[in-house]
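Shown next, in structure tokens, is the structure this report addresses.
What follows is calculated from the coordinates using simple rules that are stated; it is not laboratory data. For clarity, every value in this text was computed on a predicted model and none was experimentally measured. Every residue, glycine among them, receives a Cβ derived from its backbone with ideal geometry; neighbour counts consider all protein chains shown.
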Amino acid sequence: MKQINFTQLINQQPPKKAKYLKISTALRLAINQGLLAPGEQLPAARELAQQLTSNRHTIMAAYNELIAEGWIYSLQRSGYFVADVLPIASSKVIRADGSVSNSSFDWQFTKTLHPVTQEQAANYRFNFAGGTPDTSLFPFAEFKSHLNEALNQPDLVSLNYGDNAGFPPLIEQISIYLRKARSLQDREIVITNGSQEALYTLAQILLASGDSVAVEALGYRPAWNTFSNAGANLIAIAQDDGGIIPESFAQAVATQQKKGTSIKLLYLTPLHQYPTTVTLSVTRRQAIYRIAQQHKIAIIEDDYDHEFHYRCQPLAPMASDDPQGLVIYLSTFSKVMFPGARIGFMAVDAPLRDAIISYKTIINHKVNVITQNAIARWMASGNFERYLRKVTKIYQQRRDYMIDQLSQYQQQNKLKSFTPPDGGMAVWVELNHSAKQFAQRAKLNDAFVQFEHHFMLNSAHDTDRFIRLGFAGMAPDKLEKGLACLFDHKNN
């Protein structure tokens, strides 16, 4: 048997790895690298133990590991030998540290996949991401009591496979809440795993490859990706200081008709428009609705943070005045609770409900009953609305504080302009210089900022001047320090 430096191979392994696993990995590497050939005899356990200053039982454990994996075999009274046919050698690659990696397979993707950023805004000390709630405000102990009730008094029938529209008591509570808080009634409620599952389901059942979807020129990219994934073409509708422009929507419809196609859906965020925070006026809402009605275009109304409105009562959703039943209403508990709750819902016209549930069942044929049960109990207790009042007041104070701070920086000519939002969780700010460079420099100060490019459908129209600053997720003292990191002399 040729001389092999097993000690060197072992030293390449992670230090906290068990000794017998280090040895088995080193032997596997030697085999994979051709240092040990198929059929070649291995050192006796006692001999290798002496060479590695180990004990015989550790070597035996390593050998047994390799036998179980198929790399070696033993013959009674003869010893241990490298297997003649090595496992997964043709489809796996053994890295230098001994870990196993798949070799490259020629995958043929049938969809255009959008890269998912691995960057976590929450990892930054100052997280100015615009839709981030302050999870430290959430009443976890209170909610835990409702979870305990759901577990101590479970609805056993609902825990089995069945209706995938959602947990009936939660559907009832959401219906009551929508009627009281949003003037929305006579709608079928379907509960989803966040609003993204709702968007995906709608895209799959309402769109065919080649269909067109009208979207706000500055808007919510995850929704765009969902429509594109279904094969749809995205048509940007122009915006101004008042939000989406009805005349631009009408022109887009006419242009598509001249091409022999039609717009199938309009996706918009009329309250606290994402990302500009503008609220669409009643006049514009009515004009847009008339165009959609005339051309048989369904509207997806994403009302993602309705609760947080400060100056006055928020406008009722477009779905509350929908005689044709063409508005599909989406909302979520992610901003009220926390994103990890993964509870959203749709309020839809009755004929659409069954189609949604049928497709939703393909994705996931049972809802999270325990969580939905707890939320239903939380809402029924009155604690849900009490918490909403409390957190809305806190977010309003934080908005006012940020506006005061931004006004001071504006006076110092460190930003160009901003409009105090009537609601929502962020401020849309215009700079005097490159927004992209501003955001890049912010990261050097441990701050995360989204800039115009993140929200622009057509990058050719990117002015590179706007950023979106979330205020809900940080207390005033942290907001002050974070804004100082953004707007001090190093960032200008």
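How many times 2.2 N^0.38 Å is the alpha carbon radius of gyration of the range 435-483?
Working: Rg = 12.2 Å, N = 49, 2.2 N^0.38 = 9.7 Å.
Ratio of Cα Rg to 2.2 N^0.38 Å: 1.26.
In a fully extended conformation the segment linking N233 and K481 would gain 85.0 nm over its present Cα-Cα distance, using 0.36 nm per residue. How much net charge surrounds P314 when only the other residues with a Cβ under 12 Å from the Cβ of P314 are counted, with Lys and Arg +1 and Asp and Glu -1? For residues surrounding P314, the net value is -2. Note on S381/Q8: beta-carbon distance plugged into 1/(1 + (r/R0)^6) with R0 of 51 Å gives a FRET efficiency of 0.20. Compared with the direct C-alpha span, the chain from Y73 to N458 gains 132.4 nm at full extension, assuming 0.36 nm per residue.
When the alpha carbon coordinates of the range 375-492 are projected onto the principal axes, the ranges are 50, 34, 26 Å, largest first.
Looking only at Cα atoms, what is the convex hull volume of the range 183-300 per residue, in Å³? All intermediate terms of the calculation are to be shown ahead of the outcome.
Working: hull volume 13.3 nm³, N = 118.
About 113 Å³ per residue, rounded to a whole number.
Exposed loop sites, defined as trypsin sites (Lys or Arg not before Pro) outside DSSP H, G, I, E and B with at most 10 other Cβ atoms within 10 Å, are absent from the longest region of the chain, namely 260-492. Bridges between two residues of the range 140-382, per DSSP, are antiparallel at a rate of about 40%.
Using +1 on the beta carbon of Lys and Arg, -1 on that of Asp and Glu, and nothing else charged, what's the dipole of the chain about the Cα centre, debye to 20?
Values: 49 positive and 43 negative charges, 237 e Å.
So the dipole magnitude of the chain works out to roughly 1140 debye.
When the expected Rg is taken as 2.2 N^0.38 Å, what fraction or multiple of it is the alpha-carbon Rg of the range 393-440? Don't skip to the answer; put the middle values down first.
Details: Rg = 11.5 Å, N = 48, 2.2 N^0.38 = 9.6 Å.
Computed over Cα atoms of the range 393-440, the ratio equals 1.20.
Computed across the range 140-382, the Kirkwood radius stands at 18.7 Å (inverse of mean 1/r, all Cα pairs).
Note on the range 142-227: semi-axes of the ellipsoid equivalent to its C-alpha gyration tensor, largest first and rounded to whole Å, are 32, 17, 14. Loop-resident chymotrypsin sites (Phe, Trp or Tyr not before Pro) (DSSP state other than H, G, I, E or B) in the range 135-227 with no more than 13 further Cβ atoms inside 10 Å of their Cβ: Y161.
Here the chain carries DSSP beta bridges of which approximately 60% are antiparallel, counting only pairs with both residues inside.
Cross-link partners for K443 among the lysines, with Cα-Cα distance under 23 Å and sequence neighbours closer than 8 places in the same chain left out: K414, K416, K478, K481, K490. Here's the picture: charge each Lys and Arg Cβ at +1 and each Asp and Glu Cβ at -1 in the range 274-348, and of P339, I291, H309 the one pushed furthest to the positive end of that dipole is I291. Each stretch of four or more DSSP H residues adds -39500 (n - 2.57); spread over every residue of the chain, this sum gives -12500 deg cm²/dmol at 222 nm.
Taking only the C-alpha atoms of the range 357-431, Rg followed by Dmax gives 20.3, 57 Å.
Scalar couplings 3J(HN,Hα) for the range 423-430, obtained by applying the Karplus form with A = 6.51, B = -1.76, C = 1.60 to θ = phi - 60°, are x, x, 10, 8, 10, 9, 10, 9 Hz; x denotes Gly and Pro.
Sketch the reach of a paramagnetic label on S262 as a point 7 Å from Cα along Cα-to-Cβ, and name the residues of the range 286-324 whose backbone nitrogen lies under 14 Å away. The answer is 291-299, whose backbone nitrogens lie closer than 14 Å to the label point. In the chain, the C-alpha radius of gyration followed by the widest Cα-Cα span (Dmax) gives 29.5, 92 angstrom. Counting only residues at least eight positions apart within a chain, or on another chain, the aspartates and glutamates with an alpha carbon under 16 Å from that of K259 are D211. For V429, the shell of other residues with beta-carbons less than 12 Å away shows a net charge of +2, using +1 for Lys and Arg and -1 for Asp and Glu.
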